[in-house]
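The values are calculated or read from the model by the stated rules, or taken from the named source; none is laboratory data. If you're wondering where the values come from, they're calculated on a predicted model, not measured in any experiment. So basically every Cβ, Gly included, is an ideal-geometry build from the backbone, and we count neighbours across all protein chains shown. To get the accessible areas, we keep the full protein, side chains included, count just its heavy atoms, and leave off ligands, DNA and RNA. Shrake-Rupley method; radii C 1.70, N 1.55, O 1.52, S 1.80 Å.
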Amino acid sequence: MAAPPAPATEGSPQPEPHAPELGPGSARRGREDSRASRLSFCTKVCYGIGGVPNQIASSATAFYLQLFLLDIAQIPAAQVSLVLFGGKVSGAAADPVAGFFINRSQRTGSGRLMPWVLGCTPFIALAYFFLWFLPPFTSLRGLWYTTFYCLFQGLATFFQVPYTALTMLLTPCPRERDSATAYRMTVEMAGTLMGATVHGLIVSGAHKQHRCEATVTPGPVTISPNAARLYYIAAAVVAVTYPVCSSLLCLGVKERPDPSTPASGPGLSFLAGLGLTTRHPPYLKMVISFLFISAAVQVEQSYLVLFCTHASQLHDHVQGLVLTVLVSAVLSTPLWEWVLQRFGKKTSAFGISAMVPFAILLAAVPTAPVAYVVAFVSGVSIAVSLLLPWSMLPDVVDDFQLQHHHGPGLETIFYSSYVFVTKLSGACALGISTLSLEFSGYKAGACKQAEEVVVTLKVLIGAVPTCMILAGLCILMVGSTPKTPSQDASSRLSLRRRTSYSLA
């Protein structure tokens, strides 16, 4: 008679249950599921097109909004500071609010996320158009532009959050999701380039130097009806892309039901998860470093056009310089992806510092050849500054999960809080820097600015980004960087990422 099996002790190894053998029918069903999970080329392209409007609008506002408010709308620099600060803060505050409401929305016939994208489309198009509209009154123009910039930034967030989250509901296949994301990034880069090109070409006639006579003393000039009309046309062209691209997104992309179910009970609440993530040292170091770097990039972008217009004789090269920045950023992105994989993230971070000596050179020697070289190098540096944090965040999240084991869903909090901090840093940097123009004596709409304003613009285009970038890199280089987890660790972590956090 066979002896009964010995009872398992706590320290003894447990026998693993045998997995059921798969027959021909199961294998066939697996192949059918794999084919069903594949996304067509048309679906991927339509998904990428859905993000184009926000990229076009963001590119146009980053380079031209400040110039429009100061020279066309002719509102004081202090009010421009309030407009930029208020809009950026609205976009930052809308991130957690959007996550809160979208996380609690019910699924409809067209899905759970798609109704948010479609519902925001007409309102964000109107908000963008009126952001570039010149109202007939002058005393309350600052309030007008603050209101519509806040609306635009908030609605853009409510558009972008469900759009990017839609990736998870396109297909259950991770490889197809990665492919759809690659299509989205490629099309969005094209949208960024298109936005600056189209908007810049349309409004280029509004800033011709012949508006000012050489004999005119410094002071405001009359706003040309043609200049205002050019901005109306540019705003209408960009606004139309919202309903067009959203319609293509809705027609070409079908949102699947969310297959994720809580595998280990409900996740942490948003506030509890936020408290845990903000106490993780690698995450704090990364966020603080890119707080400075992101603010530096936004200041460089915002003041490039203004510097060329008022602090140098480069007003005829504005469009060419903007295109040089964007083209070099787009073309250098694949190169930086290879450098990240070949040499590591810490080594790649030094590429951001390439902007530093050239920014100082442009402020000291503002000639056309120097400006184009600076624009090219700045685009290369901007590419790595945008790519690096999104490459480091997964490593930081994996490092946190392996150390703490607090359950699924915390990676969403890492991402949303990082976006919030970078938007807030940009708001503070742009608000304070624009306020400095007011203190230096900037005259809205003037043909020629005072020497103090020229010096201030040189500091903003050279010294300010330099100090921010060096501070951010010093913080980033201190201490060790989390390593990419092994394949086994990544597999274990992926099992936990099947539920979303609640915002209760």
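Below are the figures for this structure:
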quantity: Criterion: in contact with a helix residue (DSSP H, G or I) (Cβ under 7 Å, 6 or more places away or on another chain) and at pLDDT 85 or above - qualifying residue of 297, 305, 322; calculated: 297
quantity: Filter result for residue 117 (under 25 Å from residue 97 (Cα atoms) and open to solvent by 30 Å² or more (accessible area, probe 1.4 Å)); calculated: no
quantity: Among residues of the range 234-259, those that are of a type in the set (A, V, I, L, M, F, W, C) and either loosely packed, with under 13 Cβ neighbours inside 10 Å or modelled with pLDDT under 75 (or both), counted; calculated: 1
quantity: Scope the range 82-137; condition outside any helix (DSSP H, G or I), of a type in the set (Ser, Thr, Tyr) and in contact (Cβ under 8 Å) with a residue 60 or more places away in the chain; matching residues; calculated: 110
quantity: Residue match in the range 415-427 (condition: modelled with pLDDT under 75 and more than 25 Å from residue 358 (Cβ to Cβ)); calculated: yes
quantity: Residue match in the range 442-462 (condition: part of a strand (DSSP E or B), within 27 Å of residue 149 (Cβ to Cβ), modelled with pLDDT under 75 and not hydroxyl-bearing (Ser, Thr, Tyr)); calculated: yes
quantity: Close pairs (8 angstrom Cβ cut-off, 6 or more residues apart or separate chains): closer than 20 Å to residue 292 by Cβ in the range 452-471, of a type in the set (Phe, Trp, Tyr) anywhere; calculated: 460/303; 460/307; 461/303; 461/307; 468/292; 469/292; 471/292
quantity: Check on residue 128, open to solvent by less than 10 Å² (accessible area, probe 1.4 Å), within 22 Å of residue 229 (Cβ to Cβ) and of a type in the set (Ser, Thr, Tyr); calculated: yes
quantity: When residues of the range 273-294 are limited to those that are in a helix (DSSP H, G or I) and of a type in the set (S, T, N, Q), the one farthest from the chain's Cα centre (by Cα); calculated: 277
quantity: Tabulated pairs, the range 46-57, first under 11 Å from residue 239 (Cα atoms), second open to solvent by less than 10 Å² (accessible area, probe 1.4 Å) and in a helix (DSSP H, G or I), C-beta under 6 angstrom, 6+ apart or interchain; calculated: 53/242; 56/191; 56/195; 56/238; 57/128; 57/238
quantity: Matching residues in the range 334-360 - criterion: being among the hydrophobic types (A, V, I, L, M, F, W, C), within 19 Å of residue 470 (Cα to Cα) and open to solvent by 70 Å² or more (accessible area, probe 1.4 Å); calculated: 350, 360
quantity: Single unsatisfied condition, residue 366 versus (1) open to solvent by 20 Å² or more (accessible area, probe 1.4 Å); (2) closer than 21 Å to residue 323 by Cβ; (3) in a helix (DSSP H, G or I); calculated: (3)
quantity: Filter pass, residue 58 being polar (S, T, N, Q), under 18 Å from residue 164 (Cα atoms), in a helix (DSSP H, G or I) and under 20 Å from the mean Cα position of the chain (by Cα); calculated: yes
quantity: Subset of the range 205-218 (residues that are surrounded by 15 or more Cβ atoms within 10 Å (Cβ to Cβ) and at pLDDT 65 or above); calculated: 206
quantity: Unique residue being open to solvent by 10 Å² or more (accessible area, probe 1.4 Å), modelled with pLDDT under 85 and assigned to a helix (DSSP H, G or I) when the list is 394, 389; calculated: 394
quantity: Residue 179 being in contact (Cβ under 8 Å) with a residue 24 or more places away in the chain, surrounded by fewer than 18 Cβ atoms within 10 Å (Cβ to Cβ) and under 23 Å from the mean Cα position of the chain (by Cα); calculated: yes
quantity: Any pair with Cβ under 7 angstrom, 6 or more apart, that starts in the range 281-300 at a residue that is among the aliphatic types (A, V, I, L, M) and ends at one that is outside any helix (DSSP H, G or I) and open to solvent by 10 Å² or more (accessible area, probe 1.4 Å); calculated: 284/278
quantity: Qualifying positions in the range 64-86 - under 25 Å from the mean Cα position of the chain (by Cα) and of a type in the set (Gly, Ala, Ser); calculated: 81, 86
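Each row is one residue, and each column tells you yes or no for (1) over 30 Å from residue 442 (Cβ atoms); (2) without any contact (Cβ under 8 Å) to a residue 12 or more places away in the chain.
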{"residue": "303", "(1), (2)": "no, no"}
{"residue": "341", "(1), (2)": "yes, yes"}
{"residue": "350", "(1), (2)": "yes, no"}
{"residue": "358", "(1), (2)": "no, no"}
